[in-house]
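Working notes, structure below.
Values quoted throughout were computed directly from the atomic coordinates according to the rules given, and no laboratory measurement underlies them. Being a predicted model, the structure only gives us computed values, none of them experimental. So basically every Cβ, Gly included, is an ideal-geometry build from the backbone, and we count neighbours across all protein chains shown.
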Amino acid sequence: MTGRCLSLCVALLGLPGSAATQAQQTCNLAGKALSSPNSRYMDAGDGAVTDRNTQLMWMRCAAGQVWAGSVCTGAATRHDWQAGQAVASEINRTGTHFFNDWRMPTLRELASVAELHCSHPRINLAMFPATPSAPFWTSSARVAREQAEAYVLDFDVGAVAAAGKEASHHLRLVRNAP
């Protein structure tokens, strides 16, 4: 049964805030378990979570947002593909996120955090709050005639597309967990 992700999804995903603030996300559980439940993640308490299934550590906030203890504040920024690489390099250079090996995820890695039973956005909002329902860059370049393209994963409904590297999309960084 499809329904608004109101109190049911707020309780299941542990989403902060009232049902009214989460009304845009839609979940279709229909007796299925969540594909990305809270229990799958280990919260470092510092704005990063480690996925126990993949052993990847993710920034909870999209680039441009700031972790504020339990929520992401500010606006997620859009970058072209090269600027996204530069964002990761700058974070690594300054050490603002405790490690120096953050990077843009591959398509397979980014798809691993998608919540398959929800859309608008298609992600666990308890672990990744304030995620825009929009495309996010991957490091996966399109292997075809057009070398100037890379894949994006749209967290609105979960579509994958090739995009010109000059296009502006959101970014979430990842690293291999120790």
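Results, tabulated for the structure shown:
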read-out: Label point at Val160 placed 7 Å out along Cα→Cβ; residues across region 71-114 whose backbone nitrogen lies under 11 Å; value: 107-112
read-out: Mean separation of Cα contacts under 8 Å, 6 or more apart, over the residue count of region 16-158: relative contact order %; value: 23
read-out: The chain: calculated mean residue ellipticity at 222 nm from DSSP helix runs of at least 4, using -39500 (n - 2.57); value: -4000 deg cm²/dmol
read-out: Ordering of 71-84, 101-114, 120-133 by burial proxy (mean other Cβ atoms within 10 Å per residue, highest first); value: 120-133, 101-114, 71-84
read-out: Cβ-Cβ FRET estimate between Arg108 and Asp43, R0 fixed at 35 Å, reported to 0.05; value: 0.90
read-out: Estimated inter-spin distance, Val71 and Glu90, nm [label 7 Å along Cα→Cβ]; value: 2.5
read-out: All Cα pairs of the chain, percent lying beyond 29 Å; value: 17
